[in-house]
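None of the figures in this text is laboratory data; all of them are computed from the coordinates on show. Note that this is a predicted model, so its numbers are computed, not measured. Counting neighbours? That spans all protein chains shown, and the Cβs are built from the backbone with ideal geometry, glycine included.
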Amino acid sequence: MTKVHFTQHLRHVAPGGAVDATGATVRAALDDVFARYPAVRGYVLDDQDRLRLHIAVFVDGTHVRRDVLDHPLPPGSELYIMQALSGG
């Protein structure tokens, strides 16, 4: 079981606290969450089911930058989904 956390910036569509999810990869865990909270999908994934450009994913405290959706999730992982801040 993975604990999935969404930052405050996504709370208008995401659950207010950690959500338990099953899945061996980031994609599988997110699909489990999207099945229960469908409004979150459009804020995290684009229309091609790719991670949106300004979404950052951390697994167990490590920023995942490559092949994010296929990144493995060991049992008991903590998955953080947040909007990356950009600008200048």
(request) Quick one: in the stretch 11-48, of everything that is among the charged types (D, E, K, R), surrounded by fewer than 16 Cβ atoms within 10 Å (Cβ to Cβ) and in contact (Cβ under 8 Å) with a residue 12 or more places away in the chain, which residue is farthest from Pro75 (Cα to Cα)? (result) Arg36
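Looking for something hydrophobic (A, V, I, L, M, F, W, C) and assigned to a strand (DSSP E or B) - is there at least one such residue anywhere in the stretch 28-45? Steps first, please.
At the first step, the residues of the stretch 28-45 found to be hydrophobic (A, V, I, L, M, F, W, C) are 28-30, 33-35, 39-40, 44-45.
Remaining after also requiring assigned to a strand (DSSP E or B): 45.
The answer is yes; a qualifying residue exists.
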(message) When you check Val57 against the structure, is it within 11 Å of the chain's Cα centre (by Cα), part of a helix (DSSP H, G or I) and free of Cβ contacts under 8 Å to residues at least 60 places away in the same chain, yes or no?
(response) no
(request) Specify the residue that is surrounded by the most Cβ atoms within 10 Å (Cβ to Cβ); the eligible residues are those in the stretch 49-81 that are of a type in the set (Gly, Ala, Ser) and out of contact with any strand residue (DSSP E or B) (no Cβ under 6 Å at 6 or more places or on another chain). (result) Gly76
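Please enumerate the residues belonging to the stretch 69-88 that are over 20 Å from His9 (Cα atoms) and not in a loop (DSSP other than H, G, I, E, B). Give the steps one after another, and end with the answer.
Within the stretch 69-88, the subset over 20 Å from His9 (Cα atoms) is 69-77.
Within the stretch 69-88, Leu69, Asp70, Pro72 qualify.
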